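Heads up: the structure comes next, in structure tokens.
The values are calculated or read from the model by the stated rules, or taken from the named source; none is laboratory data. Since the model is a prediction, treat every value here as computed from it, not as a measurement. Surface areas here come from the heavy atoms of the whole protein model, side chains and all, with no ligands, DNA or RNA. Shrake-Rupley method; radii C 1.70, N 1.55, O 1.52, S 1.80 Å.
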Amino acid sequence: ASAAIKRYVELGNALNATALSAIGTSYVCLLNATELKAIDPSSLKLASLDPSACSQETKNLLYQKAKEAFSDQHHLPAYYELILPYLGGAPAADLKALSKDNVNMNMTTFVTLRRDSLM
């Protein structure tokens, strides 16, 4: 799968919503940093990914993409639900900002947060 994704990108294809949906949660962890950085943030609005099983670096990069993708909705109550799958890569400052919004985080989500961000 990793070789197929790499070849797809090498051929000049974008990792857009359609490609991310095809890759899905099963293979999103196989993307390298270069491929992750090439994702158009708006694509995350249409793709349903769960990077919870990925490396911390992947979670961090996807969180930044998701934060950018949903930034126009940051002031809405639904923002937390949109950013939720990507919170494992959130820095401390962003978690602190969410806490001011009185979000109701379950324990399953809490234990997936970055340890350094919680400290």
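Hey, what did the chain get for relative contact order, percent, Cα under 8 Å, at least 6 apart?
On the way: 134 pairs, mean separation 25.1, N = 119.
Over the chain, the number comes to 21 percent.
If each DSSP helix of 4+ residues adds -39,500 (n - 2.57) and the sum is divided by the residues in the chain, what number results at 222 nm, nearest 500 deg cm²/dmol?
Details: 8 runs with 60 residues, N = 119.
Mean residue ellipticity at 222 nm (helix-derived): -13000 deg cm²/dmol.
Students often forget the sequence filter, so: which aspartates and glutamates lie under 18 Å Cα-Cα from K37 once same-chain residues fewer than 8 apart are removed?
The qualifying aspartates and glutamates are E10, D50, E57, E68.
Could you report region 1-97's accessible area per residue, 1.4 Å probe, as an integer in Å²? Intermediate results must be reported in sequence, preceding the final value.
Values: 5120 Å² over 97 residues.
Result: 53 Å² of accessible area for each residue.
Could you tell me what percent of the accessible area of the chain is made up of carbon and sulfur, with a 1.4 Å probe and every protein chain present? The partial results should precede the final answer.
Numbers: 3760 of 6990 Å².
About 54 percent, which is the carbon plus sulfur part of the accessible surface.
Distance check, please: which entries in K45/K67; K59/K100; K45/K65 exceed 19 angstrom between their Cα atoms? Display every interim value, and only then the final one.
On the way: K45/K67 11 Å; K59/K100 23 Å; K45/K65 10 Å.
From K45/K67; K59/K100; K45/K65, over 19 Å: K59/K100.
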